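Undergrad: Structure provided below as structure tokens; questions to follow.
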Amino acid sequence: MVNKVSEKTKIPYKIYLDEQEIPSAWYNLRADMKNKPAPLLNPGTLQPMTAEELKGVFCDELVAQELDDVNAYIPIPEEIQSFYKMYRPSPLVRAYCLEEKLQTPARIYYKFEGNNTSGSHKLNSAIAQAYYAKKQGLKGVTTETGAGQWGTALSMACSYFGLDCLVYMVKVSYEQKPFRREVMRTYRATVTPSPSTTTEIGRKILAEHPGTTGSLGCAISEAVEAEATREGYRYVLGSVLNQVLLHQTVIGLETKTALDKYNIVPDIIIGCAGGGSNLGGLISPFAGEILRGEKKYRIIAVEPASCPSFTRGVFAYDFCDTGKVCPLAKMYTLGSGFIPSANHAGGLRYHGMSPVLSQLYHDGIIEATSVEQTAVFQAAVEFARVEGILPAPESSHAIRVAIDEALKCKETGEEKTIVFGLTGTGYFDMVAYEKYNNGEMSDYIPTDEDLKPGFDAIPRFPGNEF
Ligand SMILES: *Cc1c(COP(=O)(O)O)cnc(C)c1O
């Protein structure tokens, strides 16, 4: 403890960076990967998607970023840098209070991305995607949103640049989170519960599954169709894609700068993983060091036991959406038809995982673990009470594992340095917190039987054995 007291005078509770220390370029981890993530495939021809094909769906600049496996640094345009300055740099916090509560010799830090109205890291990519759409002279963008953070972030970004924003929101969230919807409308977005009758694929899904409360995969299909049937629109996605991970590297780059200031070297880096964008963004600079043979870190992806893409999925080409209109991506997947059980409370419900992270996991560069939601909320509440931030359920997956690792240090006496991503706040997740507080939250881990239909629906073709 003597060490820690003297250290307390040295390392502040919050390590803030100066405005000039916000990165001026994103870091493209793919440039340092020997095994590149597999390219997206055209589902019709099974050939890699060309830039021309992708330009029908995404903005030109974003297509270039999506396909760029070579350039390690991609400059951040001035306009995006100015927007970042409104809410960045985000603090790297030393969790002294949590350490004290746990009585652990571990040193715990978290990078807090919840300090903007979207309440999450998603704004980092939303503003970039809206900027490129505007620059290309488009009228608007379409997207899907699950828990609502992405839709909110994109609405903010579109309203800033004067773009139209059409959001397909998974029906169960639309109904459970009316206030989220209202924030989006405040920023002038049009929000439609999905599946809806406004698209062909929505009508088809409704006919096949009357009463369905929707899924991300289904909302993606509707958003893509809405884009394809409107002149001057493009589709944007809040996670999974290479371009999104790229934009999110502002998180990791700032974290690295802050740690370097105080010569702090992490032993373990932890992040929650839905589609993988915050985790990919946080770990990229560190994973780059591992890949270049400069450093060693343990990197842990945390996912819900009820949606275990990494820990129980297969590594294969699969559809990114339920309607099978999107390109095929090679990733850890539960199958595009997978829908988490109804009692699954918060986020991280996508069936697949970022191709970049999937490749890193396949190559043993990162680890993954899954946790059950009652244990997640227990960690969330413990954290909220000592650190003063009410965390998003998604972020709380990382908190759970950070606490578990810190408790292991308590047993062994090791003074490990743990860094985790606190991706957002949970103010719109009070239905889930209410369930937990009432003791009504339960866990459901899918059986192998439950997962089988998802795997059976993954396309089979030569080279896609799993
Ligand atoms: C969207 C979201 C996540 C999960 O998405 P990733 O792309 O895996 O980062 C995690 N936390 C919060 C607060 C989110 O909004």
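Undergrad: So how do His209, His351, His397 line up by other beta-carbon neighbours within 10 Å, fewest first?
TA: Details: His209 15, His351 28, His397 34.
By the 10 Å Cβ count, ascending: His209, His351, His397.
Undergrad: While we're looking at this one, here's another question. Sort Cys272, Cys307 by Cβ crowding within 10 Å, fewest neighbours at the top.
TA: Details: Cys272 30, Cys307 23.
Ordered from fewest to most neighbouring Cβ atoms within 10 Å, Cys272, Cys307 come out as Cys307, Cys272.
Undergrad: Of all GluC sites (Glu not before Pro) in region 396-466, which ones are in loop regions per DSSP and have a Cβ with at most 10 other Cβ atoms within 10 Å?
TA: Glu440, Glu465
Undergrad: Which value, to two decimals, describes the C-alpha radius of gyration of the chain once divided by 2.2 N^0.38 Å?
TA: For the chain, the normalised Cα radius of gyration is 0.92.
Undergrad: How high is the relative contact order of region 199-306, in percent, counting Cα pairs under 8 Å that sit 6 or more residues apart?
TA: Reported as a whole number, the value is 23 percent.
Undergrad: For Lys55, list the lysines whose Cα falls under 21 Å from its own Cα; do not include residues on the same chain fewer than 8 positions away.
TA: Answer for Lys55, where 21 Å is the Cα cut-off: Lys134, Lys135, Lys139, Lys324, Lys330, listed by chain and number.
Undergrad: Below 12 angstrom from the Cβ of Lys139, what's the summed charge of the other residues (Lys, Arg +1; Asp, Glu -1)?
TA: Computed value for this residue: 0.
Undergrad: Are there trypsin sites (Lys or Arg not before Pro) in region 28-75 that DSSP puts in a loop and that have at most 14 other Cβ atoms within 10 Å, and which ones?
TA: Here the sparse-neighbourhood loop sites are Lys34.
Undergrad: List the residues whose amide H sits under 5 Å from the amide H of Met331, counting only those 5 or more places along or on another chain, with H placed 1.01 Å from N in the peptide plane.
TA: Result for Met331 returns Ala316, Tyr317, Asp318.
Undergrad: Here's another thing I want to ask about it. Given Cβ point charges of +1 (Lys, Arg) and -1 (Asp, Glu) and nothing else, what value in debye, to the nearest 20, does the dipole of region 287-329 about its Cα centre take?
TA: 200
Undergrad: Which Cα, out of Thr213, Thr257, Gly323, lies furthest along the positive dipole direction of the chain (beta carbon charges, K/R +1, D/E -1)?
TA: Thr257
Undergrad: Roughly how many nanometres apart are two label points built 7 Å out from the Cα toward the Cβ at Tyr73 and Lys408?
TA: Distance between label points: 3.5 nm.
Undergrad: Hey, what angle do you get for helix 216-228 against the long axis of the chain, alpha-carbon based, 0 to 90 degrees rounded to 10?
TA: Approximately 50 degrees, to the nearest 10.
Undergrad: What net charge is computed for the residues neighbouring Leu291, neighbours being all others with C-beta under 12 Å from the C-beta of Leu291, Lys and Arg scored +1, Asp and Glu -1?
TA: Computed value for this residue: +2.
Undergrad: How would you rank Val244, Val381, Val63, going from fewest to most other Cβ atoms within 10 Å of each one's own Cβ?
TA: Least to most surrounded, the residues fall as Val381, Val63, Val244.
Undergrad: Under a Cβ-Cβ cut-off of 14 Å, what is the net charge of the residues other than Pro23 that fall near it, where Lys and Arg count +1 and Asp and Glu count -1?
TA: Net charge around Pro23: -2.
Undergrad: I'd like the Karplus ³J(HN,Hα) series for region 138-152: coefficients 6.51, -1.76, 1.60, θ = phi - 60°, whole numbers in Hz, and an x wherever there's a Gly or Pro.
TA: Running phi through 6.51 cos²θ - 1.76 cosθ + 1.60 with θ = phi - 60° gives 6, 7, x, 9, 10, 7, 10, 9, x, 5, x, 5, 5, x, 5 Hz.
Undergrad: Which lysines, on any chain, are close to Lys14 with Cα under 21 Å apart, when same-chain ones fewer than 8 places away are left out?
TA: Lys4, Lys85, Lys101, Lys111, Lys256, Lys261, Lys416
Every number in this text was worked out from the coordinates using simple rules, so none of it is lab data. Source: prediction; values computed, not measured. For neighbour counting, all protein chains shown are included, and Cβ atoms are generated from backbone atoms with ideal geometry for every residue, glycine included.
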